[in-house]
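Below is one structure, written out as structure tokens, with a few remarks after it.
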Amino acid sequence: MLSLIYDECNHCCICKESLENGYLCDPCSKKLTLNKEPSYEFLGNHRIRVYSCMYYNNYAKDLILRLKSKKDFSAGEALAKFMINSINDQSIDFHYIIPVPISKEKFKKRGFNQSVFLSRIIGEYFNKEVLDILYINRSVNEQKILTREERLANLSSAFSVNNLYRKKIKGKNILLIDDVITTGATIYNCSMPLIEDCDNYIWVLTVAKSSI
Ligand SMILES: [Zn+2]
């Protein structure tokens, strides 16, 4: 019986303090600066609503890097928990979850896409399908040889929606998941093909927002 209880003990993924449940102890949790404000105005498009769970301080950065660079999936679980709380707090209403894709090079290096990982935990919790159907157009990598005008045009078609899924998601509310939002360019560029090709409304949820 005791060993069963001990086996079920978790540890805080930052300080390793043992916990009865969850992934972060209270003192470590308190070092994160949670954000409850929506960033509606952020991208200037009424079809895109942006939320971030917390500000990108050193503790948020640490948790995100543990997941991305060290494959510390308990840190990822802790982050996903914050995202689930935000979805509930903000009454985010969505049909499908779409993770922001990463480049093939990053995927090879990291072995997984952190946004897919977070999306799957959220999808399981809310019983919603995760559709990993956005992809990066190859031309984005060849921007250096383009003029400024060409580069802007190129950027607006940086991502595409897999053709096979366009009908399925047409007119639906999409929850777009990413780890960090900085300028919002990635989110905007991911949202554009969804809005233009599939008539979607986009809820964006990121773990953290950075002002850098
Ligand atoms: Zn701790």
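The values are calculated or read from the model by the stated rules, or taken from the named source; none is laboratory data. Since the model is a prediction, treat every value here as computed from it, not as a measurement. Glycine also receives a Cβ, built like all others from the backbone with ideal geometry; neighbour counts cover every protein chain displayed. The accessibility values were calculated without ligands, DNA or RNA, using every heavy atom of the protein model including side chains. Shrake-Rupley method; radii C 1.70, N 1.55, O 1.52, S 1.80 Å.
Got a number for carbon plus sulfur as a percent of the stretch 88-128's accessible area, 1.4 Å probe?
Carbon-and-sulfur percentage of accessible area, whole number: 46.
Rolling a 1.4 angstrom probe over the protein heavy atoms, how many square angstrom per residue are accessible across the chain? Can you show the working numbers first?
Working: 12090 Å² over 212 residues.
Each residue of the chain exposes 57 Å² on average to a 1.4 Å probe.
Using only the Cα atoms of the stretch 158-199, build the gyration tensor, take square roots of its eigenvalues as a ≥ b ≥ c, and label the shape rounded, prolate or oblate: rounded if a/c is under 1.5, else prolate if a/b is larger than b/c, else oblate. All intermediate terms of the calculation are to be shown ahead of the outcome.
On the way: a/c = 2.32, a/b = 1.89, b/c = 1.23.
Prolate shape, in that a/c is at least 1.5 and a/b is the bigger ratio.
Rg and Dmax of the chain, using alpha carbons, in Å: what are they?
Reported Rg and Dmax, both Å: 18.1, 69.
Which shape class applies to the stretch 23-78: rounded if a/c is under 1.5, otherwise prolate when a/b exceeds b/c and oblate if not, where a ≥ b ≥ c are the square roots of the Cα gyration tensor eigenvalues? Display every interim value, and only then the final one.
Numbers: a/c = 2.85, a/b = 1.85, b/c = 1.54.
It comes out prolate by the Cα gyration axes.
State log₁₀ I(q)/I(0) for the stretch 58-100 at q = 0.17, 0.23, 0.25, 0.31 Å⁻¹ as given by the Debye formula over alpha-carbon point scatterers of equal weight, solvent excluded.
-0.56, -0.85, -0.91, -1.02
How far is helix 185-198 tilted, in degrees, relative to the longest principal axis of the Cα atoms in the chain, given as a value from 0 to 90 rounded to the nearest 10?
Roughly 60 degrees between the two axes.
Suppose a student asked you for the relative contact order of the chain, using Cα pairs under 8 Å spaced at least 6 residues apart; what percent would you report?
On the way: 344 pairs, mean separation 48.7, N = 212.
RCO, the chain: 23 percent.
Rank S160, I177, A80 by how far each Cα sits towards the positive end of the charge dipole of the chain (+1 on Lys, Arg Cβ; -1 on Asp, Glu Cβ) and give me just the farthest.
S160
Could you identify which residue out of D26, D197, D179 has the top mean-square fluctuation in a GNM of the chain using Cα springs shorter than 10 Å?
Its mean-square fluctuation being the largest, the pick is D26.
Round to the nearest 10 and give me the degree value, 0 to 90, for the angle of helix 58-70's Cα axis relative to the longest principal axis of the chain.
80
How many percent of DSSP beta bridges within the chain run antiparallel, rounded to 5? Walk me through the intermediate numbers first.
Working: 6 of 27 bridges.
Bridges in the chain are about 20 percent antiparallel.
Once both axes come from the Cα atoms, what is the angle between helix 114-126 and the longest principal axis of the chain, in degrees from 0 to 90, rounded to 10?
70
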